[in-house]
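Read-outs throughout are calculated quantities, based only on the coordinates presented, and are distinct from any laboratory measurement. These figures come from a predicted structure and were not determined experimentally. Note that we place each Cβ from the backbone using ideal geometry, even for glycine, and neighbour counts take in every protein chain shown.
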Amino acid sequence: MELKLARNEINGKPKAITLEKVEEIIAKEEHKILYFDKENSHKDLVALVEYFEEKDFSVYLREVKYGLGEEDYMYEIHIL
């Protein structure tokens, strides 16, 4: 599975990250907060949450608004 990380600039393109890379990051640290771009499907993010919950992690997914527009949001996933 490939997901897109949140953009650093409004007009920038999101960088892609694989599920394996997310696992490597979690293996190095006990917990991590990751921000994903709005271009990701909600279905893929729920699949990511379920994947880590099956591995006995606590995972929290929420939508973060950073502006007044309807399209001004990103996803935050906190993995413990």
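The table below lists the values:
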| quantity | calculated |
| --- | --- |
| Extent along principal axes [Cα atoms of the chain; Å; largest to smallest] | 36, 21, 19 |
| Dimensionless Rg ratio for the stretch 23-64, taking C-alpha atoms and the 2.2 N^0.38 Å reference | 1.17 |
| Whole-Hz ³J(HN,Hα) from phi, Karplus 6.51 cos²θ - 1.76 cosθ + 1.60, for the stretch 27-43, glycine and proline x | 5, 6, 10, 6, 8, 7, 10, 10, 10, 10, 6, 5, 6, 6, 7, 4, 4 |
| Net charge dipole size for the chain [Lys, Arg +1 and Asp, Glu -1 on Cβ; Debye, nearest 20] | 240 debye |
